[in-house]
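Written out below as structure tokens is the structure these notes cover.
No value in this document is a laboratory result; all are computed from the given coordinates. Nothing here was measured: the structure is a model prediction, and the numbers come from that model. Glycine also receives a Cβ, built like all others from the backbone with ideal geometry; neighbour counts cover every protein chain displayed.
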Amino acid sequence: MMKENATVIAVEGDNIIVQSTIKSTCSTCHQVDSCGSGQIAKAIPHKTLTTTLQCANQAVVVGDDVILGIPEKDILQTAWQVYVWPLIGLITFAALGQWLTLQHYLPHELLAIILSILGGYIGFKFAQHKQIQRNNKDWLAPKLLSVVAKKIPVTQIPTK
């Protein structure tokens, strides 16, 4: 499960609006001062992401810190579809184009290249179609996993 911390900024019935800060991984690297990417990450301010979630089973109030999660399996499946289907189309149609050129069905290799680009496009459209089918089920929407317990400062502990 991929997890992210967020803060509740509004509660509207069964829905909550949460906000999280998009963090750069460059801040944790030891080479951040000598790396070009690290310098760019320092120069660009951190952005925030706001999203609305359904939360009928847990009581939250504005200001609560929450943990959101998305199953890794779903993210990997999406990445596989988005990257691999166009590659499969490109390679398959490139092989077909090369075979057709060797059999003299295509008069020039440029047509084989165009055919391979067409295969990549068909793979892209297939992956897009699969993603549109799955988006209707809200399968990549983050889910509220838990509410983080508030820390009480030592000065607020009642004494006898």
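Extending 7 Å from the Cα toward the beta-carbon at both residue 76 and residue 2 defines two label points whose distance is 1.3 nm.
When each of 20, 146, 34 is scored by the number of other beta-carbon atoms lying within 10 Å, the sequence from fewest to most is 34, 146, 20. Sequence-ordered 3J(HN,Hα) estimates for segment 119-133 from the Karplus curve with 6.51, -1.76 and 1.60 and θ = phi - 60° stand at x, x, 5, 5, x, 5, 5, 5, 5, 4, 4, 5, 5, 5, 4 Hz, glycine and proline given as x. Around the amide H of residue 106, modelled in the peptide plane, lie the amide H atoms of 101, all under 5 Å away and 5 or more residues distant in sequence or on another chain. Using the Cβ-Cβ distance between residue 98 and residue 118 with R0 = 22 Å, the FRET efficiency computed as 1/(1 + (r/R0)^6) comes to roughly 0.95.
Legend: residue pairs 73/150; 47/125; 73/151; 3/73; 47/130, Cα-Cα distance threshold 25 Å; pairs beyond threshold, 73/150; 47/125; 73/151; 47/130.
Taking all C-alpha pairs of segment 74-135, those more than 14 Å from each other amount to 57 percent. A simple charge model with +1 on the Cβ of Lys and Arg, -1 on the Cβ of Asp and Glu and nothing else charged puts the dipole of segment 72-151 at about 620 debye relative to its Cα centre.
Per-peptide packing, taken as the mean over residues of other Cβ atoms within 10 Å, places 73-85, 110-122 in the sequence 110-122, 73-85 from highest down. Close amide H pairs (under 5 Å, H built 1.01 Å from N) link residue 145 with 67, 68, 69, residues at least 5 positions away or on another chain.
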